1. Would you mind stating whether Met266 is under 22 Å from the mean Cα position of the chain (by Cα) and in a strand (DSSP E or B)?
2. I'm checking my understanding of the structure. Among residues of region 20-33 that are over 17 Å from the mean Cα position of the chain (by Cα) and under 22 Å from Glu196 (Cβ atoms), which one is farthest from the ligand (Cβ to nearest atom)?
3. What residue, among those in region 202-218 that are in a helix (DSSP H, G or I) and charged (D, E, K, R), is nearest to the ligand (Cβ to nearest atom)?
4. Out of all the residues in region 78-94, is one or more polar (S, T, N, Q), modelled with pLDDT of 95 or more and buried (at least 18 other Cβ atoms within 10 Å of the Cβ)?
5. May I ask you to list pairs of residues, at least six apart or on different chains, whose Cβ atoms are under 8 Å apart, with the first in region 115-132 being surrounded by fewer than 13 Cβ atoms within 10 Å (Cβ to Cβ) and the second being of a type outside the set (Asp, Glu)?
6. Name, by its number, the condition in (1) within 30 Å of Gln141 (Cα to Cα); (2) in contact (Cβ under 8 Å) with a residue 24 or more places away in the chain; (3) more than 16 Å from the ligand (Cβ to nearest atom); (4) assigned to a helix (DSSP H, G or I) that does not hold for Glu111.
7. For residues that are more than 33 Å from the chain's Cα centre (by Cα) and of a type in the set (Gly, Ala, Ser), scanning just region 134-164, find the one that is surrounded by the most Cβ atoms within 10 Å (Cβ to Cβ).
8. Could we say that Ala189 is assigned to a helix (DSSP H, G or I), surrounded by 19 or more Cβ atoms within 10 Å (Cβ to Cβ) and of a type in the set (Gly, Ala, Ser) here?
Amino acid sequence: METVTRFAPSPTGYIHIGNVRSAIYPYLLAKQQNGKMILRIEDTDRGRYVEGATELIEDTLEWLGLNWDEGPIVGGPHAPYFQSERQEIYHEYARRLIAAGRAYADPTPPEQIEEYRKECNAKKVPFLYRNFRPNDTPEWQPGIPLRFKAEPKDYEWHDEVMGDMHAGPEVQDDIILIKQDGFPTYNFAHIVDDAEMGVTHVMRGVEYLSSTPNYLELYDALKLERPKLVSLPHILAPQGNKKLGKRDGAKSVTEYRDDGVLSEAMLNYLACLGWNDGTEQEIYTKDELIKAFSLDRIQTSGARYDETKLLWVNGQWIRRIFDEQGVEALYTRTAEFWPEVANNHPDDYKKRVLSIIYDRLKTLSDLREMTAYFFAEPEVDLDMIIQNKFLKKLSESELENLLKQSIEKLSSLSEWDADVLQDALNQLLQDTGRKPAELFSLIRLSLSFAPFSPALNLTLEVLGRDVSLARLNTVARAI
Ligand code: GLU
């Protein structure tokens, strides 16, 4: 049987880092087994519907390279893929349940339900609607909520991640199938759709585990075969005490894209958050993930979100792209991340800058802060030199002399490339008797006034002779 998975988000806002993994795992499993992944938009909760959210979802999946085989945009044999457009299908299934005596119109006003709930609270017993099930119920028609008629019993089932599960009758209730507005509830609609769409693996957050007995009863009542159930443990907030959510500042996935995280790194990091293949490998391409993925190595407990680790993985990916595919491949990904002062500088020059700095980048947007001095004169800030931990022992005249000696040496060079410059710098160390940390910090700061720069000989080479000497002279005069 063909493996069919689905990602079934509700369009209630952006996709954040904590919930996109429910798209990654179904994608990996479907691809590994030459199956299909369906994208289904669960938009029947009209109160929570957010305009534009579907586009954000599509954009996120496209960016991560999680191409769905059926769903919005691409279409497919089970269209429509928006639940709001599948009303008739749900109503047809509803009528089947009514005919079988397993669903009834519930005219109880919400205030009455509130009363029941209070009664139960006062008695300290759990509220189950079925204990208040009315004897006489009107005939169902759209406009009246439709409830399932539970026949509670013991249930056993196997969850592909959580293992063998068991629940007693006390957790099953007469859940609402169709709401007053005619739209189905999630509880009902997903059962119908997963069956209609031939879904073989229902992969979703573990928060649905406690409702599973109700779903199992619905499968039985509708005479549907149970799909495989796969509960994905939560991604936890960095403190590890609760599920990562928007309220804990979980950023949208695309915000990371705008901050210069590569899609390869995001996919890699998230796939490995709560899953591993039993090896020490940490960096995976999408194809490697597809090959290595397996349900039985998804961990059962929540995994803590760790942004530092994400950025580390991103740094690894930046290096990998440069080292394996060359500067051009990385450069095409950097367009919007250069500082403004880099505008109008030739591509070749920017590529040279990129080539000497790429291995220090955690995100592409680090380029903005790390490279400005390659494109514009840095503001002279003598305090940075005078208070530098290696230089503060030197007097101003010592600093001035050291700079003058450096200028003299560097101006005498007939060639200006990294090797020649390195020799000259080594020679200067000997001539001046200074420690590398002293001499190199002084030159580096005078060229950049930045807290960090690549290797000094490379920085000098890329800046060029004229700019380098001019900057050193400016500082020598100012000290
Ligand atoms: N629409 C549900 C949600 O966004 C999806 C749950 C599922 O995958 O079945 O939480």
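The values are calculated or read from the model by the stated rules, or taken from the named source; none is laboratory data. Small disclaimer: the values here were computed from a predicted structure and weren't measured. When we count neighbours, we look across all protein chains shown, and the Cβ atoms used for this are built from the backbone with ideal geometry, even at glycine.
1. For Met266, the condition - under 22 Å from the mean Cα position of the chain (by Cα) and in a strand (DSSP E or B) - is not met.
2. Gln33
3. Here the residue is Glu207.
4. yes
5. Asn121/Phe127; Pro126/Cys120
6. Of the numbered conditions (1) within 30 Å of Gln141 (Cα to Cα); (2) in contact (Cβ under 8 Å) with a residue 24 or more places away in the chain; (3) more than 16 Å from the ligand (Cβ to nearest atom); (4) assigned to a helix (DSSP H, G or I), the odd one out for Glu111 is (2).
7. Residue satisfying both the conditions and the ranking: Ala150.
8. On the way: assigned to a helix (DSSP H, G or I): yes; surrounded by 19 or more Cβ atoms within 10 Å (Cβ to Cβ): yes; of a type in the set (Gly, Ala, Ser): yes.
The answer is yes for Ala189.
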